[in-house]
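Laboratory data are not the source of any read-out in this text; all were calculated from the coordinates shown. Predicted, not measured: the structure shown is a model, and the values here were computed from it. Heads up, the Cβs are rebuilt from the backbone with ideal geometry, glycines too, and the neighbour counts pull from every protein chain shown.
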Amino acid sequence: MADFLQLLISGLATGAIYALAAIGFTLLWQTSQTINFAQGEFVMLPAFFALVAMTWLGLPFAVAVVIAIVCSMLVLGLMFKVVVVQPLIKQGVLPLVISTIALSVLLKEGVKDVYSAEAQPFPTLFPDVTLSVAGVAVSLAQVGVLVVAFGTIVALQWFLGATRIGRQMQATAQNPTVARILGVPVERMILYTFLINAVLAAMASILISPIYLAKFSNGESLGLAAFVAAIVGGFNQVRGAIVGGLLIGVVDNLAAAYVSTSYRQAVPLILLVAIILFRPQGLLGRREERAV
């Protein structure tokens, strides 16, 4: 039981990071019908922004984290919307999907060539100390990751539900045409969504890089996990992305311990197939009907 609880805590910590990236998938889809297959690279890149600030500019870790978040907002938020999404969204979903796939390759190979192809150690925000609580070994680093990730999610939920801008963003996501008639600045709300996605990706990057190291190839597994989490939880619901991320993190951890480390990535995919077959809208998603 102690081992199970330890795996559960570790899985929740990892799953909370997946949830941050999955929420970005969901927000972009709700507001602009954008499916970003470069989301994994969006989570990979901010860690290298921080590493560049520390190794090339000699800045302390705290300042480097702030710079990484700001750079993410500019590059992964503003530039991504203006340079990639805005010109292509009028052409339909497929050209945009292909462009995000190409962007993921560009970012991955760019980091590999400009910085390094080797995995880089990344500083942790929390001390790597293990405590024993009721016979269960608990890592302070994992608890810290869980607390920060959940804090970020709670802050986002509060922002969306309790502020005027957040309610306008929700109105834009639900029906942009009606929102525009009611005086909501829809384009500005969509831009805010892209910026929020960039901040969530940066937070996920800072939290997960000390665990998996900073690698140019991290985006492959992170993007897949976030995409699966968003679909499992419900692609049109933020709370579904949260549940999906936590579930995928726990299932992945338990599969590695009790099934096989070689097939750990297959178990979430099996869960994905089951969800698509029996509940296509996801665990917490709502059905969307279209007139034909």
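Annotations for the structure displayed:
- Charging the Cβ of each Asp and Glu at -1 and of each Lys and Arg at +1, and nothing else, the dipole of the chain about its Cα centre rounds to 900 debye.
- Footprinting exposure proxy ranking of 277, 283, fewest other C-beta atoms within 10 angstrom first, gives 277, 283.
- Prolate/oblate/rounded label for the stretch 17-128 (Cα gyration tensor, a/c 1.5): prolate
- Kyte-Doolittle mean at least 1.6 and Cα axial length at least 20 Å: DSSP H helices in the chain: 140-162
- Relative compactness, the stretch 188-292, computed as alpha-carbon Rg over 2.2 N^0.38 Å: 1.19
- The stretch 151-211-the stretch 1-22 distance, computed between alpha-carbon centres (Å): 25 Å
- Under 13 Å from the Cα of residue 81 - aspartates and glutamates, other chains or at least 8 residues apart: 187
- Radius, Kirkwood style, for the stretch 97-172 when every pair of distinct Cα atoms is counted (Å): 16.8 Å
- Nitroxide proxy distance, nm - points 7 Å out along Cα→Cβ at residue 7 and residue 278: 2.1 nm
- Rel. contact order, % - alpha carbon contacts under 8 angstrom, at least six apart, the stretch 2-217: 40 percent
- Sites residue 63 and residue 159 - FRET efficiency at Förster radius 22 Å, r taken between beta-carbons, to 0.05: 0.30
- Here the extension length gained between residue 175 and residue 132 equals 10.5 nm, from 0.36 nm per residue of separation less the Cα-Cα distance.
- Helical content alone sets the calculated 222 nm signal of the chain at -23000 deg cm²/dmol, taking -39,500 (n - 2.57) per DSSP H segment of four or more residues and averaging over every residue.
- The GluC sites (Glu not before Pro) found in the stretch 216-292 that occupy coil by DSSP, while having at most 15 further C-beta atoms within 10 Å, are 288, 289.
- For the stretch 2-217: rounded, prolate or oblate by the Cα gyration tensor [a/c cutoff 1.5]: oblate
- Residue 212 versus residue 115: modelled label distance in nm, points set 7 Å from Cα along the beta carbon direction: 1.4 nm
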